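For reference, the structure is listed below as structure tokens.
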Amino acid sequence: MKFKNEYFCCSPKLLSNIMEVKEIESCIESIPWSRDFRIRDKDKDYAHQAAYNKAFEIEFAKYDWLLQPLLYDNPKLIGDFAKNDVFVEIQFGNSATLYRDYYKFHYGLIPEN
């Protein structure tokens, strides 16, 4: 699967030395891109976007990433994966969903008083 790295408020040079970033890239690279992507897991078949979501879940589990981490309690904000304060959101939606997820991570990382 092809992907493009975008870093906000941090240096690509700094992030290139973080093991979690390398694991994220490995997970993405290990999943093939296909118009009719399918996967079978535990006797259940997945297709299209559900298949990609399941494939990412399987790949991130290989590196011991936490599935659906709580970013913030009120409002309840949940990400897709987390490990050592590195959070991942997999997005297949439109630009509005992308902005919502971007906001979610910024809001979820605000320390509570």
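Laboratory data are not the source of any read-out in this text; all were calculated from the coordinates shown. Please read these numbers as outputs of a predicted model, since none were measured by experiment. Counting neighbours? That spans all protein chains shown, and the Cβs are built from the backbone with ideal geometry, glycine included.
Structure data summary
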quantity	calculated
Environment charge of residue 61, counting only residues whose C-beta is closer than 14 Å and scoring Lys/Arg +1, Asp/Glu -1	-2
Separation of the residue 46 and residue 63 label points, Cα + 7 Å toward Cβ, nm	1.7 nm
Over segment 43-113, relative contact order from alpha-carbon pairs under 8 Å, at least 6 apart, %	21 percent
Rough spin-label spacing in nm, given labels placed 7 Å along Cα→Cβ, for residue 89 and residue 106	1.1 nm
Under 5 Å, built H, 5+ apart or other chain: amide partners of residue 71	77, 78, 79
Positive-end residue, segment 12-108 charge dipole about Cα centroid, Cβ charges, pick of 15, 61, 79	79
Separation of the residue 98 and residue 26 label points, Cα + 7 Å toward Cβ, nm	2.8 nm
Residue pairs, from the table 62/104; 22/62; 42/76; 83/104; 22/83; 42/104, whose Cα atoms sit over 23 Å apart	62/104; 42/76; 42/104
